[in-house]
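A.B. asks: Got a structure for you, questions after.
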Amino acid sequence: MTTKHFLLLVLVFLAISLPAQAQKHDFGLWLGGANYFGDINTGTDFRFVNPAGGVFYRYNFDDRIAARFNLNAGRVWADDAYANNYYQQSRNLGFASNITEASAQFEFNFMPYARVPGTSMSAKNKFSPFVMAGFGVFHFNPFVNYNGDKVLLQPVGTEGQGFAQYPELTRYKRTSTAWLLGGGIKYRIKRLMGITFEAGVRKTSTDYLDDVSGVYADPVVLLYEGGPQTQFLADPSVEVVSEPVGATGKMRGDNQKSDDYFFFGIGISYTLNPYRCPFPR
């Protein structure tokens, strides 16, 4: 499913559902952070957190179950220089990437969470932990700074993608999909306004979010077909060690696992005021 198709489905859903009871509809935004887990940030190093945010629409089926549609954006990055092992420090790889995401999710509230509480709000209807699961489409485009210039890594072919010597390697797509899992807490601060604290991981279907996946290509081929810049970006270890780390065919990353990214933050939402007929019945 492409991003355009996803957005079309959201618009159709809105067109069908908005005429229904208004209190079922929440609109909101959130701000927080983004992090990534993959071949460069192999653990949970939160030094790599960058700002993130988004907007969302929520349709409340009842006080337990809701569907939500999101448009999110953030930046992820990581650098081997911050690793706590000598191999990664010597490998000396790094990247950054902006991420834009369109996603849909279902939410389950562990406690009844009133869509529009009455004036005498009770604890049971203004607070609830929740879990969420869903699916998304996202765009990424890893890059590095090289000699003061921003260089996009996918066109470079750092593992030999797109070179005649490696016909089996095609350039990876920069749009991919992800499963979404997470949870948080909802709290209604006013009759029509609520806040959300949440975190969710995106289990992606790509291993190239960081431009690192397979094995080192032959540096002679990279130099001949791509030039000195390609050869260096494929194996920048020569900056920190005397002998290059990237022997031909040696593992450059872990191609058995896909990369993940993570959004967390605080959101605020507004519930559409229920329509009240001005004429007596």
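The values are calculated or read from the model by the stated rules, or taken from the named source; none is laboratory data. Remember, predicted model here, so these are calculated numbers, not experimental data. Every residue, glycine among them, receives a Cβ derived from its backbone with ideal geometry; neighbour counts consider all protein chains shown.
A.B. asks: On the given criteria, is Phe61 at pLDDT below 95 and either touching a Lys or Arg at 6+ places or on another chain (Cβ under 7 Å) or more than 22 Å from Asp254 (Cβ to Cβ) (or both)?
C.D. replies: Values: at pLDDT below 95: yes; either touching a Lys or Arg at 6+ places or on another chain (Cβ under 7 Å) or more than 22 Å from Asp254 (Cβ to Cβ) (or both): yes.
So Phe61 fits the description; yes.
A.B. asks: So which of Val55, Val137 is crowded, with 16+ Cβ neighbours inside 10 Å, modelled with pLDDT of 95 or more and either in a loop (DSSP other than H, G, I, E, B) or not polar (S, T, N, Q) (or both)? Give the derivation first.
C.D. replies: On the way: Val55 fails: crowded, with 16+ Cβ neighbours inside 10 Å.
Of the residues listed, the single one that is crowded, with 16+ Cβ neighbours inside 10 Å, modelled with pLDDT of 95 or more and either in a loop (DSSP other than H, G, I, E, B) or not polar (S, T, N, Q) (or both) is Val137.
A.B. asks: Another question, then. Being more than 30 Å from Met111 (Cβ to Cβ), part of a loop (DSSP other than H, G, I, E, B) and among the hydroxyl-bearing types (Ser, Thr, Tyr) is the requirement here; does Tyr208 meet it? Give the derivation first.
C.D. replies: Values: more than 30 Å from Met111 (Cβ to Cβ): yes; part of a loop (DSSP other than H, G, I, E, B): yes; among the hydroxyl-bearing types (Ser, Thr, Tyr): yes.
The answer is yes for Tyr208.
A.B. asks: Which of the residues that make up the range 248-279 are modelled with pLDDT of 95 or more and more than 28 Å from the chain's Cα centre (by Cα)?
C.D. replies: Thr248, Gly249, Lys250
A.B. asks: Restricting attention to the range 116-124, does a residue exist that is within 18 Å of Asp211 (Cβ to Cβ) and part of a loop (DSSP other than H, G, I, E, B)? Reasoning before the result, please.
C.D. replies: Just the residues of the range 116-124 that are within 18 Å of Asp211 (Cβ to Cβ), to begin with: none.
No, the range 116-124 contains no residue that is within 18 Å of Asp211 (Cβ to Cβ) and part of a loop (DSSP other than H, G, I, E, B).
A.B. asks: State which residue is farthest from the chain's Cα centre (by Cα) when the search covers only the range 29-52 and only residues that are of a type in the set (S, T, N, Q) and either more than 23 Å from Tyr208 (Cα to Cα) or surrounded by 15 or more Cβ atoms within 10 Å (Cβ to Cβ) (or both). Show your work before the answer.
C.D. replies: Filtering the range 29-52 down to residues of a type in the set (S, T, N, Q) leaves 35, 41-42, 44, 50.
Retained after the next criterion (residues that are either more than 23 Å from Tyr208 (Cα to Cα) or surrounded by 15 or more Cβ atoms within 10 Å (Cβ to Cβ) (or both)): 35, 41-42, 50.
Details: Asn35: 8, Asn41: 15, Thr42: 16, Asn50: 12 Å.
Out of the qualifying residues, it is Thr42.
A.B. asks: Can you tell me which of Asp218, Asp211 is at pLDDT 95 or above, surrounded by 20 or more Cβ atoms within 10 Å (Cβ to Cβ) and touching a Ser or Thr at 6+ places or on another chain (Cβ under 7 Å)?
C.D. replies: Working: Asp218 fails: surrounded by 20 or more Cβ atoms within 10 Å (Cβ to Cβ).
Going through Asp218, Asp211 in turn, just one is at pLDDT 95 or above, surrounded by 20 or more Cβ atoms within 10 Å (Cβ to Cβ) and touching a Ser or Thr at 6+ places or on another chain (Cβ under 7 Å): Asp211.
A.B. asks: From the set of residues in the range 144-174 that are outside any strand (DSSP E or B) and under 22 Å from the mean Cα position of the chain (by Cα), which is nearest to Phe232 (Cα to Cα)? Steps first, please.
C.D. replies: As a first pass, look at the range 144-174 and keep what is outside any strand (DSSP E or B): 147-148, 153-174.
Add one more test, that the residue is under 22 Å from the mean Cα position of the chain (by Cα), and what stays is 153-155, 171-174.
Numbers: Leu153: 12, Gln154: 15, Pro155: 14, Arg171: 18, Tyr172: 20, Lys173: 23, Arg174: 22 Å.
Among them, the one singled out is Leu153.
A.B. asks: Residues in the range 69-86: is at least one under 25 Å from Phe197 (Cα atoms), among the charged types (D, E, K, R) and part of a loop (DSSP other than H, G, I, E, B)?
C.D. replies: no
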